[in-house]
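Written out below as structure tokens is the structure these notes cover.
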Amino acid sequence: MARDGYNILIVGRNSAKVNTKLEEIKTLYPTVKTRSVIGDLGQLTKFADYRKIEELTSDIDVAILVLNAGVKDDVKFVTNHSDKMVQDILNVNAVHMTFMAKVFINRLIQRNKDSSAILVVGSGVRALPIPGLNLYCATKKCVYYMCKAMGDDMVRQNKNVKVVCYDSGAVSTNMTEHNKHMISPEEAAERALGSLSKPMEYCSFES
């Protein structure tokens, strides 16, 4: 996105990692403006928490809202989930996406530009529940339905906001076990952003 001239705002938990990534962006693209909002998404459980994010970003023009935060189960059986794991998976995967979309959707609509979009990273497991990934699969199904409904709403109301739920398949990240069949994060990002160029009526869901 920075390569295409977009300014970058990152919302993340680890300030050191976020700042390192923003420095990399500035090095590669000196004219791109960057900013960060630091917060633990697993702990942001109230809508008021997200209103604070809205306030901290009220002075900038948000054109594309990318929601790609995710947490997955790391135990085999649901009976072994800790209370914190359950809370983090639900908050980061489902509540975060819902509240962030709610906070920014009207700002995107008011822009009234074809470039406005919400891009959500989904998962193919929403279509195939997997034992050991109980909550993760459930939250990704929630994400899919939310995106499908929002996308259809935007089309029916003739609003210039595309809503894409992108299922990238297996991506090699810190959250996954690496193997030769996975695609790189860079390739996944290219495909996801490419899906935004399709006509609005075909952008409710991308697989």
Test: residue in region 62-74 that is touching a residue at least 12 places away in the same chain (Cβ under 8 Å), farther than 28 Å from residue 124 by Cα and not hydrophobic (A, V, I, L, M, F, W, C)
no
Here is a list of conditions, (1) part of a helix (DSSP H, G or I); (2) in contact with a helix residue (DSSP H, G or I) (Cβ under 7 Å, 6 or more places away or on another chain), and residue 95 meets all of them except one; can you say which number that is?
(2)
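Please go through region 149-167 and pick out each residue that is under 13 Å from residue 97 (Cα atoms) and at pLDDT 90 or above.
150, 163
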Which residues, taken from region 132-151, are over 14 Å from the mean Cα position of the chain (by Cα), of a type outside the set (Lys, Arg) and not in a loop (DSSP other than H, G, I, E, B)?
134, 135, 136, 137, 138, 145, 149, 150, 151
Let me confirm something: among 170, 127, 192, which residue is surrounded by 14 or more Cβ atoms within 10 Å (Cβ to Cβ), at pLDDT below 90 and out of contact with any Leu (no Cβ under 7 Å at 6 or more places or on another chain)?
170
Consider residue 200 carefully, then state whether it is crowded, with 17+ Cβ neighbours inside 10 Å and either modelled with pLDDT of 90 or more or acidic (Asp, Glu) (or both).
no
Whichever residue in region 81-114 is at pLDDT 90 or above and basic (Lys, Arg) and, among such residues, is nearest to residue 40 (Cα to Cα)
102
Based on what the data block shows, is residue 102 farther than 21 Å from residue 163 by Cα and surrounded by fewer than 17 Cβ atoms within 10 Å (Cβ to Cβ)?
no
Residue 101: aliphatic (A, V, I, L, M) and touching a strand residue (DSSP E or B) at 6+ places or on another chain (Cβ under 7 Å), yes or no?
yes
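The values are calculated or read from the model by the stated rules, or taken from the named source; none is laboratory data. No experiment lies behind these values; they were computed from the predicted model shown. Note that each Cβ is placed from the backbone with ideal geometry, even for glycine, and that neighbours are counted across all protein chains shown.
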